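Student: Following this message is one structure expressed as structure tokens.
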Amino acid sequence: MSSPMPTRDFLDPDVLARLRGLPLFARKVMLGSVSGRHRSPHRGSSVEFAEYRKYVAGDDLRRLDWRAYGRTDRFFVKEFEADTNLRMVMVVDTSGSMGFGSTGLSKLDYAKRMAATLSYLAMEQGDAVGLACVAHRVLNQLPARRNPAHLSSLFDCLANARAEGETELIAVLHELAETVAPHALVILFSDLFVQPELLQPCFEHLRFRKHDVSVFHLLDPEEIAFDFERPTRFVDMENENTVFAEPSEIADAYQAAFREYLEQTRQLMLRAAVDYHRVGLDQSYEQVLSDFLVGRTQGRRGG
């Protein structure tokens with residue numbers, strides 16, 4: 001499928017052109033509606049061998065493995081993994097904290113660029129794309145579809161998204177685990193401002209529903225470095241609570257707590273088999289996406 005190059009402030013035609021040669025692969029079997037490049041749980045006759053099973057009356061005799069018969073004196077049928085198209089659902093956190101940014105882009109601006117670019121690339125290779133903008137609830141949700149008109153609606157939804165309100169990411173992820181049809185690629189863009197231990201049941205729920213889950217954990221350089229030099233009033237962008245502090249007095253405790261938070265998050269992602277990417281807003285989103293796509297291609301070849 002070839003779509004016209006869209007014009008949106010979160011889409012860079014040059015970036016799209018450079019990334020178009022990198023395919024988007026799923027790590028798990030997918031359930032789509034048309035033939036494509038992704039593995040399906042349904043058996044077919046593609047060139048990739050899956051397994052043997054015993055012959056039963058009515059099976060296609062052309063799929064009998066005569067070598068296996070010669071070794072075992074039993075009839076076995078070769079099964080192959082049928083290819084299908086991908087259903088990708090992007091979950092964009094639009095809670096108030098996503099409005100923060102010290103690099104010229106807010107976390108939400110960065111998420112929009114990544115989500116829009118992946119949507120375009122997936123649609124280009126014939127895959128279905130959906131979107132959920134979430135904060136205290138699922139604010140806007142578009143089911144995964146694969147036509148160009150749907151892509152325009154998805155971009156409209158991203159363009160209208162605003163960073164506001166509190167996050168209820170735990171409840172939202174549990175809801176999406178049930179409402180998104182199984183065997184989808186679910187990609188979350190968020191700053192994950194929740195207790196790490198509360199996230200694990202959400203990702204286990206998504207995995208139970210056979211979803212392939214990726215997370216882009218968006219962090220601002222100021223959150224990481226915490227190199228403020230003057231007394232500062234810190235404002236919670238979700239509930240507007242404020243704390244006035246002398247940075248030099250709390251910097252060590254902050255950085256220790258932040259390192260612990262990052263390590264706990266990394267560990268839970270490993271346990272939950274999540275494709276996890278920690279991203280600083282000072283990184284090139286093009287490079288982040290290129291690494292993501294190449295990594296999935298290599299993982300597919302390696303698996």
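Student: Report the residue count in the range 5-27 for those that are modelled with pLDDT under 85 and farther than 17 Å from Leu293 by Cα.
Tutor: Residues that pass the stated criteria total 4.
Student: Those residues that are within 17 Å of the chain's Cα centre (by Cα), surrounded by 21 or more Cβ atoms within 10 Å (Cβ to Cβ) and either without any contact (Cβ under 8 Å) to a residue 12 or more places away in the chain or not in a helix (DSSP H, G or I) (or both), I need them from the range 149-186; list them, please.
Tutor: Val180, His183, Ala184, Leu185, Val186
To keep it simple, each residue is scored yes or no on (1) among the hydrophobic types (A, V, I, L, M, F, W, C); (2) surrounded by 13 or more Cβ atoms within 10 Å (Cβ to Cβ).
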{"site": "Asp212", "(1), (2)": "no, yes"}
{"site": "Pro231", "(1), (2)": "no, no"}
{"site": "Arg266", "(1), (2)": "no, yes"}
{"site": "Val279", "(1), (2)": "yes, yes"}
{"site": "Arg296", "(1), (2)": "no, yes"}
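Student: Assess whether Leu131 counts as being at pLDDT 95 or above, assigned to a helix (DSSP H, G or I) and in contact with a strand residue (DSSP E or B) (Cβ under 8 Å, 6 or more places away or on another chain).
Tutor: Taking the combined requirement at face value, the residue does not satisfy it.
Student: Is it true that some residue in the range 73-83 is at pLDDT below 95, under 30 Å from Asp12 (Cβ atoms) and of a type outside the set (A, V, I, L, M, F, W, C)?
Tutor: no
Student: What number of residues within the range 233-253 are closer than 21 Å to Thr167 by Cβ and loosely packed, with under 15 Cβ neighbours inside 10 Å?
Tutor: Selection size over the range 233-253: 8.
Student: Of these, Gly70, Gly126, which one is of a type in the set (Gly, Ala, Ser), modelled with pLDDT under 95 and over 21 Å from the mean Cα position of the chain (by Cα)?
Tutor: Among Gly70, Gly126, only Gly70 is of a type in the set (Gly, Ala, Ser), modelled with pLDDT under 95 and over 21 Å from the mean Cα position of the chain (by Cα).
Student: Separate question: Kindly indicate whether any position in the range 220-228 is crowded, with 20+ Cβ neighbours inside 10 Å and either in contact (Cβ under 8 Å) with a residue 40 or more places away in the chain or touching a helix residue (DSSP H, G or I) at 6+ places or on another chain (Cβ under 8 Å) (or both).
Tutor: Yes, there is a match, as at least one residue in the range 220-228 is crowded, with 20+ Cβ neighbours inside 10 Å and either in contact (Cβ under 8 Å) with a residue 40 or more places away in the chain or touching a helix residue (DSSP H, G or I) at 6+ places or on another chain (Cβ under 8 Å) (or both).
Student: Test Phe100 against the criterion of being farther than 23 Å from Gly21 by Cα and modelled with pLDDT under 90, and give yes or no.
Tutor: Judged against the criteria, Phe100 is not a match.
The values are calculated or read from the model by the stated rules, or taken from the named source; none is laboratory data. Keep in mind the model is a prediction, meaning the values are calculated, not measured. In this analysis, Cβ positions are derived from the backbone assuming ideal geometry, glycine residues included, and neighbour counts consider all displayed protein chains.
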